[in-house]
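Undergrad: Let me begin by handing over the structure; questions about it come next.
The values are calculated or read from the model by the stated rules, or taken from the named source; none is laboratory data. None of the values given here were measured: they were computed from a predicted structure. Cβ sites come from the backbone with ideal geometry, for glycine too, and all protein chains shown count toward neighbours.
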Amino acid sequence: RALELNVSLILTVDCGITAQKQIAFANEQNVDVIVCDHHSPVGEPPAAYAILNPKQAGCSYPFEELAGCGVAFKYLQALARRLKMDDSFYMDTLDLVALGTAADIVDLKDENRILMYHGLKKINSHPREGISALIQISGLGRQTINVSLIVFILAPRLNAVGRISNAKKAVHLLTSSSPQQAKNIAQILNSENKKRRNIDEQTFHEAVELIMESEELQNAPVLVLDKNDWHLGVIGIVASRLLEKYNRPAILISNQNGLGKASARSTDKFNIFDALQNLQDMLISYGGHACAAGLTIETEKIDAFRKAINEYASRHMETKSALPELHIDAVINFPDLSGRLLHGLKDMEPFGPSNMRPVFQSSDVKVNGKVRVIGHNHLKFKLQQHGMVIDAIYFNGLKYREQLEQIDKSFNFVYVIEESNWQGQNTIQLRIKDFKEFDGRDS
């Protein structure tokens, strides 16, 4: 495609560090390649014109955990300084850096935290037309955009077109300067995301069926599932859902024409990249991080790979518990939810990986009134303790509705504190993470 466009330079973002063959071909065609990537290198580095990757051997940059878009931002920053350009050349992209950094699920510490803070500030004060249109079509017009809303609402809409059709639509949205054009494209992205969710749901159910039908899979430390022609655009999402459901690393492989292409997701108890590196002789290619990776394998080797990675996991996985761990930071009462606490939480933002929202527990709490179902699987209700009533939401909590509606029961609730906007008013909302019946104790 680059040759068709007669370009002389390719700048990669969030990829390229393992593209030895592709970059060698580009060199043969007199096309220079500058790699901006943050994935762990595999083997010899590609023969690119330049490589920007804080994880590469010999790199002295003090922060290794930049997202791919963060590396590209640093390239723009250096370019502007070298060419004596105005700072706005790169500062105007901070909103895009925030989108990419949140969507890439990198640790929100050090420089990532700084970039995210200023990027969110830009999004919430003067967003570009495309982001504004995306916010509106997603029903977030009155909300203060944060990391969670990017990860769960905005990013899936941007990613959907790339997964099931053409990613150029998302690029056109983010580069549009026309409000009407941006609105039209945002509507397309929203529609494509609905299609993606349907494919996602079907693939998830098929994956769960494979697990339920196999005693071997049910007992395996690592879930390795394969099927012909699973949609490549959703296997990463489904692997994440399986990880959440079973609290085990999950690898989904789509078999096509004798090759299996896979997405892998893992917990912080098992480095999936190290596992693939250990088994690289069985793979055609692989790459990624400790908790997320991709690979290509010959379909005839999948069964042997499944056995080998589970043998590796039995020796290296820190824990094989089927129950996820929930760490509670403090036990508090509703009267403690004061302005002082909320201001303190504000100072700790933006929240995300390595800087998660504090998790609280309140005990002997009653459900006040009806438990409403919102969306397909979520619950909305009010909680009461010590005379105070506070709104609560429980995502994917539908199966607990009857239990919560027992008016003679009290519960211990574990939650994070969020702000909710209703009719222009900001109020406290508790996002429930878990609960159990109160037995007279705080734990």
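Undergrad: Go through region 316-327 and count every residue that is modelled with pLDDT of 70 or more and in a loop (DSSP other than H, G, I, E, B).
TA: Summing the residues that are modelled with pLDDT of 70 or more and in a loop (DSSP other than H, G, I, E, B) in region 316-327 gives 6.
Undergrad: Is it the case that residue 83 is more than 23 Å from the chain's Cα centre (by Cα), surrounded by fewer than 13 Cβ atoms within 10 Å (Cβ to Cβ), more than 26 Å from residue 159 (Cβ to Cβ) and not assigned by TED's automatic domain parsing to the domain that holds residue 147?
TA: Answer is no for this residue.
Undergrad: While we're on this one: Pick out the one residue from 57, 72, 98, 47 that is part of a helix (DSSP H, G or I), of a type outside the set (Val, Ile, Thr), free of Cβ contacts under 8 Å to residues at least 60 places away in the same chain and assigned by TED's automatic domain parsing to the domain that holds residue 118.
TA: The match here is 98.
Undergrad: Kindly evaluate residue 380 against the criterion of being touching a Lys or Arg at 6+ places or on another chain (Cβ under 8 Å), touching a residue at least 40 places away in the same chain (Cβ under 8 Å) and of a type in the set (D, E, K, R).
TA: no
Undergrad: While we're on this one: Taking residue 153 as the residue in question, decide whether it is farther than 30 Å from residue 270 by Cα and in the same structural domain as residue 66 (by TED's automatic domain parsing).
TA: When the stated conditions are applied, residue 153 does not pass them.
Undergrad: Is region 263-278 home to any residue that is within 17 Å of residue 163 (Cα to Cα), among the basic types (Lys, Arg) and not assigned by TED's automatic domain parsing to the domain that holds residue 155?
TA: No, region 263-278 has no match at all.
Undergrad: Taking the criterion of being under 22 Å from residue 244 (Cβ atoms) and surrounded by fewer than 18 Cβ atoms within 10 Å (Cβ to Cβ), would at least one residue in region 379-390 satisfy it?
TA: yes
Undergrad: Continuing with this model, one more query. Using the structure shown, decide if residue 326 is farther than 30 Å from residue 118 by Cα, of a type outside the set (Asp, Glu) and buried (at least 18 other Cβ atoms within 10 Å of the Cβ).
TA: Considered against the rule, which asks whether it is farther than 30 Å from residue 118 by Cα, of a type outside the set (Asp, Glu) and buried (at least 18 other Cβ atoms within 10 Å of the Cβ), residue 326 comes out as no.
Undergrad: I'm told residue 3 meets every condition in (1) touching a Gly at 6+ places or on another chain (Cβ under 7 Å); (2) modelled with pLDDT under 95 except one. Can you identify the failing condition by its number?
TA: So the condition that residue 3 fails would be (1).
Undergrad: Could you tell me how many of the residues in region 346-377 are without any contact (Cβ under 8 Å) to a residue 24 or more places away in the chain and of a type in the set (S, T, N, Q)?
TA: 2
Undergrad: So is residue 401 over 26 Å from the mean Cα position of the chain (by Cα), basic (Lys, Arg) and under 26 Å from residue 113 (Cβ atoms) or not?
TA: No: the conditions fail for residue 401.
Undergrad: Within region 19-40, which residues are not hydrophobic (A, V, I, L, M, F, W, C) and not in a loop (DSSP other than H, G, I, E, B)?
TA: Of everything in region 19-40, those that are not hydrophobic (A, V, I, L, M, F, W, C) and not in a loop (DSSP other than H, G, I, E, B) turn out to be 20, 21, 22, 27, 28, 32.
Undergrad: For region 25-42: of the residues being of a type in the set (A, V, I, L, M, F, W, C) and either within 28 Å of residue 291 (Cα to Cα) or surrounded by 17 or more Cβ atoms within 10 Å (Cβ to Cβ) (or both), which is modelled with the lowest pLDDT?
TA: Filtering first and then ranking leaves 42.
Undergrad: Right, something else. How many residues, within region 133-172, are outside any loop (DSSP other than H, G, I, E, B), β-branched (Val, Ile, Thr) and touching a residue at least 24 places away in the same chain (Cβ under 8 Å)?
TA: 6
Undergrad: Of 132, 176, which residue is out of contact with any strand residue (DSSP E or B) (no Cβ under 9 Å at 6 or more places or on another chain), under 29 Å from residue 420 (Cα atoms), of a type in the set (Gly, Ala, Ser) and modelled with pLDDT of 95 or more?
TA: Exactly one residue qualifies, and that residue is 132.
Undergrad: Sticking with this structure for a sec: Among (1) surrounded by 24 or more Cβ atoms within 10 Å (Cβ to Cβ); (2) within 22 Å of residue 181 (Cα to Cα), where does residue 102 come up short?
TA: Status for residue 102: all satisfied but (2).
Undergrad: Could you name every one of the helices (runs of 4 or more DSSP H) located completely within region 200-315 that has at least 1 residues being surrounded by 22 or more Cβ atoms within 10 Å (Cβ to Cβ) and free of Cβ contacts under 8 Å to residues at least 40 places away in the same chain?
TA: So the answer is 235-246, 272-278.
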